[in-house]
Amino acid sequence: MPGGFGGRVIDLFAGTGALGIEALSRGAVHALFIEKSSDAARVTRENLLRADFAERARVLVDEAGRALPKLRSAGEDPFDTAFLDPPYGSSLAAETAALLVSEEFLAPGGVVVIELGARDAPLRAAGLETFREKRYGDTRVAFLRHAGSS
């Protein structure tokens, strides 16, 4: 992952789409953005057009916990990297990370990058192993790898 992406990424709690768009700029072949706010999703679409990545991306307006099971039943392929930036202090980070594994949305050896509040509890999710954490002021970024065989 350092320096570039070669596969598929999913950006959950996407907001303006900055994380997924950055991955596309570094070589990701496709990005799926999931954002519950239609206004934020509109901004993501505009940003994708400005960056000339619209053809390599899809934006869905939905809650992550509802969207993932729907996508699995629709036959969506697994992702190599997942970005999660849920509201700080919520249980959504752990719940969504666990859902990525249980719904088989994360490829074996795939990476989940989660932005958390510095005071949020350590992240535990079955099937994921934390391999790196960085703190930036009031923010903590956790890097987890799918424990499945690669």
The range 92-150-the range 1-65 distance, computed between alpha-carbon centres (Å): 18 Å
Residues Ala147 and Ala121, FRET efficiency given R0 of 25 Å [Cβ-Cβ distance, rounded to 0.05]: 0.80
Sum of -39500 (n - 2.57) over DSSP H runs of 4+, divided by residues of the chain (222 nm, nearest 500): -8500 deg cm²/dmol
Summed side-chain charge close to His146 - residues other than His146 whose Cβ falls under 15 Å, Lys, Arg +1, Asp, Glu -1: -1
Three-way shape call for the chain based on the alpha-carbon gyration tensor, with the a/c threshold at 1.5: rounded
Local electrostatic count, Asp85, Cβ distance below 11 Å [Lys/Arg +1, Asp/Glu -1]: -3
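Would you mind calculating the relative contact order of the range 1-107 from Cα pairs under 8 angstrom and at least 6 residues apart, reporting the percent as a whole number?
29 percent.
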Cut-off 18 Å, label 7 Å out along Cα→Cβ of Ala98, residues of the range 119-150 by amide N: 120-130, 144-148
Neighbour net charge for Leu12 - beta-carbon separation under 9 angstrom, K R +1, D E -1: -3
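FYI, it's all coordinate maths here, none of it is from the lab. Remember, predicted model here, so these are calculated numbers, not experimental data. When we count neighbours, we look across all protein chains shown, and the Cβ atoms used for this are built from the backbone with ideal geometry, even at glycine.
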